[in-house]
Amino acid sequence: MINTSFLEKIAATILQDYAERLFEITIVLPNKRAKVFLIEALRKQTVKTILSPEIVSIEDFVQEVAAIRSVDPIELLFEFYEVYLSITEKQHQQSFELFANWAKTLLQDFNEIDRYLLEPAHVLSYLKDIEDIKKWGIEVENKTKLLENYIDFWKLLPVYYEVLYSHLLNKGFGYQGLIYREAVKNLNNFSNTVSNKTYIFAGFNALNAAEEKIVQHLLALDQAKIYWDIDQAFLNDPYHDAGLFVRRFKENWKHYKSNPFEWIADDFSQSKNIQVIGTPKTIGQAKLAGSIIQNIVRDNPESSLDKVAIVLGEENLLMPVLYSLPNSVGALNITMGYSGKNNPSQILIAKLFKMHTNAISRNGTNYVFYYKDVLDILTHPLIEPFAKTNELVKIIKENNYTFITYSRLNELNLNQSDLFSLLFQKWENGSLAVLESILALLLLIKENFNNDNEEDKIAKTFLFSIFKVINKLVNYYSQHTHIDNIQTLYAIYKQVVDIAEVSFEGEPLNGLQIMGVLESRVLDFDTVIITSMNEGKFPAGKSQNSFIPYDVKKELGLPTFKEKDAIYTYHFYHLLQRAKNIYLIYNTENDGLDAGERSRFITQLEVEKQLKHNLTFDIYNPVLPTTAYKPMLIPKSDAVMERLKEIAATGFSPSALTSYIRNPIDFYFQKILRIREVEEVEENIALNTLGTIIHGTLEALYTPFIGKFISEEDISNCFKLLDDEVLRQFKLVYKEGEIKKGRNLLAFEVAKRNVSNFLKMELETIKNGDAIKIIALEKTFERELINSKLPFPVLIKGNVDRIELRNGKIRIIDYKTGKVEKANVILKSWNGLTQELKNDKIIQVLAYAFMFEKEAGEFPIEVGIISFKNLKSGFLPFGFKEDKELDSTVARETLNNYLDEIVLLLNEIFDANIPFEEKIN
């Protein structure tokens, strides 16, 4: 048997009791959303054509009673600022940004005071007295200026209230509390003008003092009826929070001394399947909700999802849930406020503000963009596909532009477009011009959407919500011109976006319903899936965003977190009241931002278990693979083998060999597939860049000495050229990057110091009698390695930093910017040379000896490293140490032993049966 929903019951009562005078009744519901469902219930229960009765939300009804229109929160903030400026001395006036921080909280308190019909002067002066008492131990002469300002703030609260209240009344609009207070004042007048009408209040739970007064007044005059939706399980239990408010009304209202209380249901105790499921994290809950829907569709392929609702305990689950729903879900209706903050269009506008405010504040006269801000905009998903600025992004990255002037940015962009112009045009004509250009930008982005694509439809909804916000700001700025400053505009925008919400439009009566907790009021579903069933999320916890302390609220009858909890409790139990299948999903993680223990509501269901409730508990953990990550294995195809032959012919560098030893997969990507690392802007000079600069400087300083012996005078001249040469190398390598600031300036000095120390070391050796003749600098050498064990000849090819003839010996030097110790170039055994990465320096320098062996002729060769982080050790020669005797000359026997090991390594690389296998640390 299908339960009759509350709205179906209301529809039946109306058609039965008021069939002849439908035009004389107005049905008042807790929210606008329920109206569509009530009209549908009326339609289903009538066979002839009728005129629908008027159906309004409580807020619209109270506005009608008060004859005052509602003001939106943003406009209210602006109006309050006007009032604040008018009653605050110029020297004490705060900027809008500072003002908004406390004004939003104060407006909430004004709202509560008015909704509960309290005497504002009494409440607000009470707060001032409390603060006075807190500070009464401080002698008058000891009161600081800060303390006086603090007490003055509390003194001014009644003034702010009164002036704002009358200011808004004069304009004919107000915030919710003001409208409620005025509605109560206007009650007699209102009820006289509508004496022939009947108001039917349906589905309410918590009413504030003003609403109670209005409803009771109309009930007393027999101009109203009220129908509650309360289950006896909650109403008759004196401790159950779901019945807290309705119990109070039943006991205290005069109306119920002589009239029956309507209606008490008995649905909660009926049979229900309640599954409580814990799963880790937000994304786990979204996936689980998606799989529950998938199972429902699979088990009942013919039935629609009209009677199924997903209720999100927190709004940030909306996107993950949408992406987790199966494709078989056709119609979908999202009715919940989704914060403007998480909106992709909002993120773009926020980045735009950041880029321009940074550009203005960086340099008063010239507009200078920071590269990260520019790239953030150009790579944003709403911009990147349409701006055609890939070339510009590449230029910025390759040339290390850290800061880019407005004019330079325009020169660099080869594909000019309206989109680009709107993004980067200077913000120098005031706030209104900025807002107009943002509106134009949003309209331009809208043109890029495809209306047939579901994702584009959602993106369009987001875009429209931000468009409305900016439009509102245009209206306010047209009226309030005195706040014209880009930084302030950004602050206002942030405040406004906090308040703004995205509204989705769907098919309200068709398909799966996705909603927030408040949107579920008055509605009934057969299957309910509720997420975020954790303490602090559901119920929401004890957040106290108010200037009025808890004990004062309790004394004055204002709602505290206790009442807010009771409202949540009612909503939760009302969702369960008529449902058959209920899924309660919570996060099992008890650490992190979105964590917390299981909701007390779950415990309550367990402790107060009804006889016909089938309650089960499950924990769902995602299936994890037994190995978190499998090393990559790339078999050597014919194409790979062809490429290896090609490399063997064009040249294997020593670094290619060490790259294979380090990780064969790196070798595969870099050498076989020829994948280069992605260019990024180097904001701070990286170690390899520093190395390039030092290499370049030494090459430039020593090039004049190629083929001759170096004198002391030559080195002295190098010292004179040092500063200019380092600067030239920096500009060559670092291009447009910033050199003379911060860490880069330190790197610049480090490069100079390293080269200078090298020159000092060189000078010292010459003074000590070394005869040094430069043979080659930064020169590429190559030599074919032919061996019967190799399938084909292999060319060994590499770039040598420096070759010199020193005291009758050929010395081949490799510069290293990092730290190398003597032990790194000493070898104890040839066996397994190419198996260990620690031998990479040895493999490298001996390859240079092999390549240069023929050119060396009769001269003995030594090879080694000069480490700039270990310059005090000087030249570190390769040496083979066997039985404690160290030989640093690279003899033919040494090279033969070395080549045997290299041939083994090359054979492994060329073996078609050995795949490239990834090494994991």
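The values are calculated or read from the model by the stated rules, or taken from the named source; none is laboratory data. Quick caveat, the model's predicted, so the values are computed rather than measured. Counting neighbours? That spans all protein chains shown, and the Cβs are built from the backbone with ideal geometry, glycine included.
Filtering region 415-428 to residues that are surrounded by fewer than 16 Cβ atoms within 10 Å (Cβ to Cβ) and either over 21 Å from residue 488 (Cα atoms) or at pLDDT 85 or above (or both) leaves 415, 416, 417, 418, 421, 426. Among the residues making up region 63-80, those that are at negative phi and modelled with pLDDT of 90 or more are 63, 64, 65, 66, 68, 69, 70, 71, 76, 79, 80.
One residue alone among 816, 797, 779, 838 is within 55 Å of the chain's Cα centre (by Cα) and free of Cβ contacts under 8 Å to residues at least 24 places away in the same chain, and that residue is 838. Taken as a whole, the condition of being more than 32 Å from the chain's Cα centre (by Cα) and either aliphatic (A, V, I, L, M) or more than 22 Å from residue 194 (Cβ to Cβ) (or both) does not apply to residue 35. Taking region 863-882 as the range and being among the small types (Gly, Ala, Ser) and more than 14 Å from residue 691 (Cβ to Cβ) as the test, the residues that pass are 864, 873, 874, 879.
Residues checked against (1) modelled with pLDDT under 95; (2) in the same structural domain as residue 111 (by TED's automatic domain parsing); (3) among the aliphatic types (A, V, I, L, M); (4) farther than 21 Å from residue 572 by Cα:
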site: 193; (1), (2), (3), (4): yes, no, no, yes
site: 216; (1), (2), (3), (4): no, no, no, yes
site: 227; (1), (2), (3), (4): no, no, no, no
site: 233; (1), (2), (3), (4): yes, no, yes, no
site: 236; (1), (2), (3), (4): yes, no, no, no
site: 243; (1), (2), (3), (4): yes, no, no, no
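A count restricted to region 564-579 and to residues that are within 33 Å of the chain's Cα centre (by Cα) and either under 30 Å from residue 131 (Cα atoms) or in a loop (DSSP other than H, G, I, E, B) (or both) stands at 2. Close contacts from region 820-833, counting a first residue that is farther than 17 Å from residue 890 by Cα and a second that is buried (at least 18 other Cβ atoms within 10 Å of the Cβ) and aliphatic (A, V, I, L, M), with Cβ to Cβ under 9 Å and a gap of 6+ residues or different chains, come to 820/865; 820/866; 820/876; 821/876. Of all the residues in region 786-845, those that are assigned to a strand (DSSP E or B) and aliphatic (A, V, I, L, M) number 11. Of everything listed in (1) under 25 Å from residue 310 (Cβ atoms); (2) under 24 Å from the mean Cα position of the chain (by Cα), the single unmet condition for residue 490 is (1). Here the condition is being basic (Lys, Arg) and on the phi > 0 side of the Ramachandran plot; of 735, 740, 760, 779, it holds for 735 alone. Residues that are of a type in the set (Val, Ile, Thr) and assigned by TED's automatic domain parsing to the domain that holds residue 353 do not occur anywhere in region 551-559.
For residue 60, the requirement of being under 30 Å from residue 214 (Cα atoms) and modelled with pLDDT of 90 or more is met. Quick check, is residue 222 over 30 Å from residue 189 (Cβ atoms) and not hydrophobic (A, V, I, L, M, F, W, C)? Taking the combined requirement at face value, the residue does not satisfy it. Condition (residue is without any contact (Cβ under 8 Å) to a residue 40 or more places away in the chain, among the acidic types (Asp, Glu), more than 30 Å from residue 489 (Cα to Cα) and part of a helix (DSSP H, G or I)) applied to region 300-318: is it met by at least one residue? No: region 300-318 contains no residue that is without any contact (Cβ under 8 Å) to a residue 40 or more places away in the chain, among the acidic types (Asp, Glu), more than 30 Å from residue 489 (Cα to Cα) and part of a helix (DSSP H, G or I).
Here is a yes/no grid of residues against (1) among the acidic types (Asp, Glu); (2) in the same structural domain as residue 911 (by TED's automatic domain parsing); (3) over 30 Å from the mean Cα position of the chain (by Cα); (4) loosely packed, with under 11 Cβ neighbours inside 10 Å:
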{"site": "583", "(1), (2), (3), (4)": "no, no, no, no"}
{"site": "597", "(1), (2), (3), (4)": "yes, no, no, no"}
{"site": "601", "(1), (2), (3), (4)": "no, no, yes, no"}
{"site": "604", "(1), (2), (3), (4)": "no, no, yes, no"}
{"site": "609", "(1), (2), (3), (4)": "no, no, yes, no"}
{"site": "613", "(1), (2), (3), (4)": "no, no, yes, no"}
{"site": "624", "(1), (2), (3), (4)": "no, no, no, yes"}
{"site": "652", "(1), (2), (3), (4)": "no, yes, yes, no"}
{"site": "659", "(1), (2), (3), (4)": "no, yes, yes, no"}
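Quick one: how many residues across region 1-35 are exposed (fewer than 14 other Cβ atoms within 10 Å of the Cβ) and either assigned to a loop (DSSP other than H, G, I, E, B) or among the aliphatic types (A, V, I, L, M) (or both)? Final tally of qualifying residues: 3. Give region 301-315 a look and list any residue that's within 18 Å of residue 580 (Cβ to Cβ) and either surrounded by fewer than 12 Cβ atoms within 10 Å (Cβ to Cβ) or not assigned by TED's automatic domain parsing to the domain that holds residue 331 (or both), or say none. Result: 302, single match.
Of the residues making up region 265-319, those that are out of contact with any Pro (no Cβ under 7 Å at 6 or more places or on another chain) and more than 20 Å from residue 526 (Cα to Cα) are 278, 279, 280, 281, 285, 287, 314, 315, 316, 317, 318, 319. Per this entry, residue 544 is not counted among residues that are farther than 30 Å from residue 44 by Cβ, assigned by TED's automatic domain parsing to the domain that holds residue 349, modelled with pLDDT under 85 and polar (S, T, N, Q). The residue pairs whose first member lies in region 895-909 and is assigned by TED's automatic domain parsing to the domain that holds residue 848 and over 12 Å from residue 846 (Cβ atoms), whose second member is surrounded by fewer than 16 Cβ atoms within 10 Å (Cβ to Cβ) and at pLDDT below 95, and whose beta carbons are closer than 7 Å, counting only pairs six or more residues apart or on different chains, are 903/787; 903/789; 903/790; 906/790; 907/789; 907/790; 908/914.
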